[in-house]
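Notes to accompany the following structure.
Nothing in this text is a laboratory measurement; each read-out follows from the coordinates by a stated rule. Keep in mind the model is a prediction, meaning the values are calculated, not measured. Positions of Cβ are backbone-derived with ideal geometry, glycine not excepted, and every protein chain shown enters the neighbour counts.
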There are 2 protein chains.
Amino acid sequence: MGPGPSDVPPRVLEALSRPTIGHLDPVFLQILDETQGMLRQVFGTKNALTLPMSATGSAGMETCFVNLVEPDDEVLICRHGVFGGRMAEVARRCRANVTLVDAPWGEALDPDDVAKAAKGRSFKVLAVVHAETSTGVLQDLAPFRTIADSCGALLVVDAVTSLGGVPVELDRMGIDAAYSGTQKCLSCPPGLSPVSFSERARRVLSTRKTPVQSWYLDLNLIGQYFGGERVYHHTAPVNMIFALHEALRAILEEGLEHRYARHRQQAEALWQGLDALGLELPVARGVRLPPLTLVRVPMGVDERAVRARLLREHDLEIGGGLGDFKGKAWRIGLMGASATTRHVELCLAALEEALR
Amino acid sequence: MGPGPSDVPPRVLEALSRPTIGHLDPVFLQILDETQGMLRQVFGTKNALTLPMSATGSAGMETCFVNLVEPDDEVLICRHGVFGGRMAEVARRCRANVTLVDAPWGEALDPDDVAKAAKGRSFKVLAVVHAETSTGVLQDLAPFRTIADSCGALLVVDAVTSLGGVPVELDRMGIDAAYSGTQKCLSCPPGLSPVSFSERARRVLSTRKTPVQSWYLDLNLIGQYFGGERVYHHTAPVNMIFALHEALRAILEEGLEHRYARHRQQAEALWQGLDALGLELPVARGVRLPPLTLVRVPMGVDERAVRARLLREHDLEIGGGLGDFKGKAWRIGLMGASATTRHVELCLAALEEALR
């Protein structure tokens, strides 16, 4: 119940441990096709270029920037936590010129601030974190397409902690590129990063003037393996794909709407319980992220000792704070298979005991 | 029995499917420490910076170049197959100036050619593939340290298809950086890339003038998670580490010397059997790689049809040729758990039947 990895259902672990087969085996290629199809459903998109990158979520972030950005491109990055800051760092390493729009830690970005920064300027990319894992803030993406259009930018979204837990609707929101991780609301082990690129993003990619600086993450090359040609690029992480395939099947069997409702219901129960314990939730209710809740550590409490005790006595992991909240907050995850009444009750009971 | 992934033993698949735990869980951190320790034994090194990168073998190659090379650095790359060519491509994307030394496909490099190219010049890196997976050639690394010293270069080695199958002795050979993959002679599923950097390579890394262009592969950052500080960088692929840990345990239980001997014995049996079938092995015996054997497709035989038939009728995968050998050769792997008498006999019987 930390900020991920979340609990992985037995059926997904079982799929993970199927005998390894070749990355060009017809059976595997069919599983890969089905995985792409299911990822499109969860991302809410028809994007052909929707696939799991063979590395963790942070590599998904890098995939978006190395493929879409060229040296000296102007990039507008919204930062309201660790992961917005990381996007800026990754963009700089692509030799982009980065302009930042900030919001205080624990708050959402004000779209007016973003619009102001975009005004009268031209950007290659506007990037924003949908669900900020470091603070538990859910950013409303509705205003961003208009802002991106006002400055001619591709809209890039970090959906690491939102995908599968709250609605991520790439096509409806006009998002050009998004990335996620498998170990959050998809409830698959860490190791893959689903990404999706719109047709507009693909055109930018295919008309680059310079080569993508990362060979491993170059979607011009990887697209030839995932497309019909099956050109060898690297050996796909076969067993992790088995697991993701099964995790996506479980998600679609549950139904996306039902899954989002479950995350919200369990989060409401957790928030109510934490409130009853007298604990403060620093993030305002309107922008609070159901899959991840920030809890202020009460004065005089040793937050590390509490976490160590939960792990020792209850086999229960919760996360510590990051950045401005380091040492001052806990992060409690209710992601995927971990968003259940049993988890909420265990966590509340264990915290009550530890804080008594 | 293709060029990887190889068969994965049941105990490794079982470890892979253990319940996912947190990447900062003390239990996991101990497994990570043990994994690093066992990797050092298999690599034949005391290098502190020895760890599994969270991506496949190709990302290990990129890790070596992005960390050691800066723009305009001179790099000397030996190419005797696909993977030498890929090193050149990756180095160019790091904006290095690449000088190539070539050997014909199916042959080893002549150290004199390499020494000639190095002579009177200065290079940042000299890179060579130990076991060329595209051709089945094993390169003798003994002369390379002297050549690297003659031009002031770090010696970088691709050990993807050698690690765990033939001796890889980083310290004895004076190798500064090496990378491998888990899905070859380590008999673990694909998804991780073990790398090892010498103290000299670490000094080059820590005194760079420019940031590493890949944030995800930046060993200055990753070293802080694997070192004592455990600074969060990205979420480690927990279950894949469980599997690698178990695969390495199995390797050390067998014993490295015994394992190398087994690979050689089974390869000798395969070569003898192929010879008895009248098939030609294009790679000279002295440089033939036990874990991967190149076989010339007889005149008039449809090589794809044979491979499809082996898969359909015997559940047996062998690989096609690459580069100069595309359509003209098969590649038969005897890697890790796939290097057994049962595998050799199955392959020979199936090939005999298919070619009758």
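Cβ neighbours within 10 Å, averaged per peptide: list B:180-187, B:123-130, B:6-13 in order, most packed at the top. Don't skip to the end; give the middle numbers.
On the way: B:180-187: 31.0, B:123-130: 26.6, B:6-13: 20.4.
Per-residue mean Cβ counts within 10 Å order the peptides as B:180-187, B:123-130, B:6-13.
The GNM of chain A, with springs linking C-alpha atoms under 10 angstrom apart, assigns the highest mean-square fluctuation among A:Phe197, A:Phe43, A:Phe28 to A:Phe28.
If a/c stays under 1.5 just call it rounded; otherwise compare a/b with b/c (prolate if a/b is bigger, oblate if not). Do that for the range A:45-136, with a ≥ b ≥ c from the square roots of the Cα gyration tensor eigenvalues.
Working: a/c = 1.61, a/b = 1.19, b/c = 1.36.
Oblate is the answer for the range A:45-136, as a/c is 1.5 or above yet b/c matches or exceeds a/b.
Take every DSSP beta bridge whose two residues both sit in the range A:10-253; close to 35 percent of them are antiparallel.
Which value, to two decimals, describes the C-alpha radius of gyration of the range A:256-355 once divided by 2.2 N^0.38 Å? Walk me through the numbers before you get to the answer.
On the way: Rg = 12.9 Å, N = 100, 2.2 N^0.38 = 12.7 Å.
Cα Rg divided by the expected 2.2 N^0.38 Å: 1.02.
Take each residue of peptide B:228-240, count the partner chain Cβ atoms within 10 Å of its Cβ, and average: the result is 6. Sequence-ordered 3J(HN,Hα) estimates for the range B:48-63 from the Karplus curve with 6.51, -1.76 and 1.60 and θ = phi - 60° stand at 4, 7, 10, 7, x, 6, 8, 5, 7, x, 4, 6, x, 4, 4, 4 Hz, glycine and proline given as x.
List the relative contact order of chain B as a percent without decimals, with contacts defined as Cα pairs under 8 Å and 6+ residues apart. Spell out each step's value before the answer.
Values: 722 pairs, mean separation 87.8, N = 356.
Relative contact order here is 25 percent.
Whole-Å semi-axes of the range B:10-253's equivalent ellipsoid, largest first, each the root of 5 times a Cα gyration tensor eigenvalue? Show your work: numbers first, answer last.
Working: eigenvalues 178, 81, 42 Å².
Gyration-tensor ellipsoid for the range B:10-253: 30, 20, 14 Å.
GNM on chain A, alpha-carbon springs under 10 angstrom: the most fluctuating residue among A:Leu270, A:Leu346, A:Leu322 is A:Leu346. The phi torsions of the range A:247-258, fed into the Karplus equation with coefficients 6.51, -1.76 and 1.60 and a -60° offset, translate into couplings of 4, 5, 4, 4, 5, 6, 5, 5, x, 4, 4, 5 Hz, rounded to whole numbers, with Gly and Pro shown as x.
Check the straight Cα-Cα distances from A:Lys326 and name the aspartates and glutamates below 17 Å, setting aside those fewer than 8 residues away within the same chain. In chain and number order, the partners are A:Glu107, A:Glu132, A:Glu280, A:Asp302, A:Glu303, A:Glu317, B:Glu229. Between identical copies, the spacing of B:Asp72 label points, each set 7 Å from Cα toward the C-beta atom, reads 1.7 nm from nearest to farthest. The spacing between the range B:9-54 and the range B:212-279, judged by their C-alpha centroids, is 10 Å.
Springs between Cα atoms under 10 Å define the GNM used for chain A, and in it the highest mean-square fluctuation of A:Arg307, A:Arg342, A:Arg249 occurs at A:Arg342. The packing ranking, built from the mean of other Cβ atoms within 10 Å per residue, places the peptides A:90-97, B:49-56 in the order B:49-56, A:90-97, highest first. Taken residue by residue and averaged, Cβ atoms of other chains lying within 10 Å of the Cβ of A:186-193 number 5.
Across the range B:301-356, Cα-Cα distances exceeding 15 Å account for 48% of all pairs. Ignoring aspartates and glutamates fewer than eight residues from B:Lys116 along the same chain, the ones with Cα atoms less than 16 angstrom from its Cα are B:Glu74, B:Asp102, B:Asp149. Computed over the Cα atoms of the protein assembly as shown, pair by distinct pair, the Kirkwood hydrodynamic radius stands at 26.2 angstrom.
Normalised by the residues of the range A:256-355, what does the relative contact order come to in percent, with Cα pairs under 8 Å and at least six apart? Please report the intermediate quantities before stating the final value.
Numbers: 118 pairs, mean separation 32.6, N = 100.
This gives 33 percent for the range A:256-355.
Distances between copies at B:Gly255, taken between label points 7 Å from Cα along the C-beta direction, are 6.2 nm in increasing order. Of all DSSP-defined beta bridges confined to the protein assembly as shown, some 50% are antiparallel rather than parallel.
Using the Karplus relation 6.51 cos²θ - 1.76 cosθ + 1.60 with θ = phi - 60°, the per-residue 3J(HN,Hα) values for the range B:164-180 come to x, x, 9, x, 10, 10, 4, 5, 5, 8, x, 7, 8, 8, 9, 9, 8 Hz, with x marking Gly and Pro. The alpha carbon convex hull volume per residue for the range B:220-301 rounds to 201 Å³.
Per-residue shielding of B:214-225, expressed as the average number of other chain Cβ atoms within 10 Å of the residue Cβ, stands at 4. Across identical copies of the chain, A:Pro167 has label-point separations of 6.5 nm, listed in ascending order, with the point defined 7 angstrom from Cα along Cα→Cβ.
Packing around the peptides B:199-208, A:155-164, taken as the average count of other Cβ atoms within 10 Å per residue, puts them in this order, highest first: A:155-164, B:199-208.
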